[in-house]
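Only one structure is covered here, and it is reproduced in the block below.
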Amino acid sequence: GKDGYRHYMEKELHEHPVAIGQTLQRITDPASKRIALPDMPFDIAKVPRITITACGSAFYAGMVGRYWLESLARIPVEIDVASELRYRDPPQPDRGVALLISQSGETADTLGVLRSLKKAGQSIVSVLNVEHSTMGRESDLVLGMVAGPEISVASTKAFTAQLSVLAAFSIDFARARGKIDQAKEEALTSSLLDLPSRAAEVFACTPAIQAMAAVVAEARDVLYLGRGICTPIAYEGALKLKEISYIHAEAYAAGELKHGPISLIDRTVPVVAIVPSNILFEKTLSNLQEAKARGGRVLAFTDAAGAERLKGVAEHVVVLPDVDAFVVPILYAIPVQMLAYEVALLKGTDVDQPRNLAKSVTVE
Ligand code: M6R
């Protein structure tokens, strides 16, 4: 049941901290602050490239995974949505690894890529919530996200659980390839283990998210902006808004704004920015100033330091807990999904069963 929540989506949003915590419990050793993933069915040091694929939200999780794998483990990553990768036929290297991400383990396009990459000699690692699924049976290794059943068509807690697994996987690869030392592994793992408590604090932001939702609910079109590791979180926010509120939303890497989409901006097109105070903050801030100068209404997800700098630029700010830069995308996914939920409530749409959508897309 819904445990007293109005919708499964609301319940599942509130399960983010538990989903992250249970997932990490399976794949970390909290005492030593080390990653404790199962042994990989290949020699990590010899992997020339990882191919990541998935659909929808799982694909956006994969985009974050690419950032971590490239920057921490210094390994080349190829990534594409499954429905495209299936028909692209890119060359596959010897000893290559395919990383598939799926909540259900039954998505037709992702399964199709799994089978063709297996044929092409790639080792198959799947990040799945439903471990006893078709993809689970056909993988060389399954990394379980322990999110519990997800009923709402819009994915919520599975997304942060996927990210938690991908973070641990990236640390594991970085260590095995000699790119990080033990102190760094402990620091990164600690920042992950700290997440369930920080995630629980996000729900205190509900009133600020509701204030933002009131602006978004009036719009016909919304632009989501992020940069770097937060760009996929902008995509996730836009997808979730489209799915459950039927408001048109588009996500862009903020630096692309002036290469086209800025022509859309006026008072009626709110700009939702995912803008933690990290190394790209100043760059994103100047993108937001450009939007504001064109009459755009800026709504920002940031932290306390970011909120100071956004005064006079952002009309509404959601101030999130300070966390290590490594885990920022995991934390920021939560309020971005909450925003879509609050907008859907204002619109009165069918949150758990949005029109035209199925929970598991088992046809191509
Ligand atoms: O079960 P999967 O993770 O393979 O599903 C992938 C997508 O269909 C899924 O993430 C979809 O985009 C969600 N409705 C997003 O909220």
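The values are calculated or read from the model by the stated rules, or taken from the named source; none is laboratory data. Since the structure is predicted, the reported quantities are computational estimates derived from the model, not experimental observations. FYI the Cβ positions are ideal-geometry reconstructions off the backbone, even for glycines, and counts take in every protein chain you see.
For beta carbons closer than 6 Å, sequence separation of 6+ or different chains, a first residue in region 344-364 that is under 18 Å from residue 109 (Cα atoms) and within 14 Å of the ligand (Cβ to nearest atom) and a second that is part of a loop (DSSP other than H, G, I, E, B) and modelled with pLDDT of 90 or more, the qualifying pairs are 357/153; 359/153; 360/104; 360/106; 361/107; 362/106. Residue 329 passes every criterion in (1) touching a strand residue (DSSP E or B) at 6+ places or on another chain (Cβ under 7 Å); (2) surrounded by 23 or more Cβ atoms within 10 Å (Cβ to Cβ); (3) in a helix (DSSP H, G or I) apart from (1). Taking the residues in region 36-58 that are buried (at least 23 other Cβ atoms within 10 Å of the Cβ) and hydrophobic (A, V, I, L, M, F, W, C) as candidates, determine which candidate is farthest from residue 182 (Cα to Cα). Taking the candidates together, the pick is 54.
If a residue has to be among the hydroxyl-bearing types (Ser, Thr, Tyr) and either more than 16 Å from the ligand (Cβ to nearest atom) or out of contact with any helix residue (DSSP H, G or I) (no Cβ under 8 Å at 6 or more places or on another chain) (or both) to count, how many in region 243-279 make the cut?
Going residue by residue through region 243-279, those that are among the hydroxyl-bearing types (Ser, Thr, Tyr) are 245-246, 252, 263, 268, 277.
Adding the requirement that they be either more than 16 Å from the ligand (Cβ to nearest atom) or out of contact with any helix residue (DSSP H, G or I) (no Cβ under 8 Å at 6 or more places or on another chain) (or both) leaves 252, 263, 268, 277.
Within region 243-279, residues that are among the hydroxyl-bearing types (Ser, Thr, Tyr) and either more than 16 Å from the ligand (Cβ to nearest atom) or out of contact with any helix residue (DSSP H, G or I) (no Cβ under 8 Å at 6 or more places or on another chain) (or both) number 4.
Among the conditions (1) of a type in the set (A, V, I, L, M, F, W, C); (2) over 13 Å from residue 228 (Cα atoms); (3) buried (at least 22 other Cβ atoms within 10 Å of the Cβ), the only one that residue 293 does not satisfy is (3). Only residues that are among the polar types (S, T, N, Q) and more than 23 Å from residue 198 (Cα to Cα) were counted in region 21-79, giving 3. A search for C-beta distances below 7 Å between a residue of region 135-162 that is within 13 Å of the ligand (Cβ to nearest atom) and any residue that is part of a helix (DSSP H, G or I) and among the basic types (Lys, Arg), counting only pairs 6+ apart in sequence or on different chains, returns 147/157; 150/157; 154/240. Within region 340-350, restricting attention to residues that are more than 15 Å from the chain's Cα centre (by Cα) and of a type in the set (A, V, I, L, M, F, W, C), the residue that is surrounded by the most Cβ atoms within 10 Å (Cβ to Cβ) is 343. Taken over region 86-113, the criterion of being crowded, with 24+ Cβ neighbours inside 10 Å, assigned to a helix (DSSP H, G or I) and either modelled with pLDDT under 95 or more than 9 Å from the ligand (Cβ to nearest atom) (or both) is satisfied by 113 alone.
Among residues that are crowded, with 18+ Cβ neighbours inside 10 Å, part of a helix (DSSP H, G or I) and within 13 Å of the ligand (Cβ to nearest atom), residue 169 is not included.
Here is a yes/no grid of residues against (1) among the polar types (S, T, N, Q); (2) out of contact with any helix residue (DSSP H, G or I) (no Cβ under 8 Å at 6 or more places or on another chain); (3) surrounded by 16 or more Cβ atoms within 10 Å (Cβ to Cβ):
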| residue | (1), (2), (3) |
| --- | --- |
| 143 | no, no, yes |
| 155 | yes, no, yes |
| 215 | no, yes, yes |
| 221 | no, no, no |
| 228 | no, no, yes |
| 235 | no, no, yes |
| 241 | no, no, yes |
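In region 1-28, the residues that are in contact (Cβ under 8 Å) with a residue 40 or more places away in the chain form Cβ pairs under 7 Å with partners that are of a type in the set (Val, Ile, Thr) and part of a strand (DSSP E or B), at six or more places apart or across chains, as follows: 27/35; 28/35. When 290, 315, 282 are checked against the criterion of being away from the ligand (no atom under 16 Å from the Cβ), charged (D, E, K, R) and in a strand (DSSP E or B), a single residue qualifies: 315. Quick check, is residue 160 in contact with a His (Cβ under 6 Å, 6 or more places away or on another chain) and hydroxyl-bearing (Ser, Thr, Tyr)? For residue 160, the condition - in contact with a His (Cβ under 6 Å, 6 or more places away or on another chain) and hydroxyl-bearing (Ser, Thr, Tyr) - is met.
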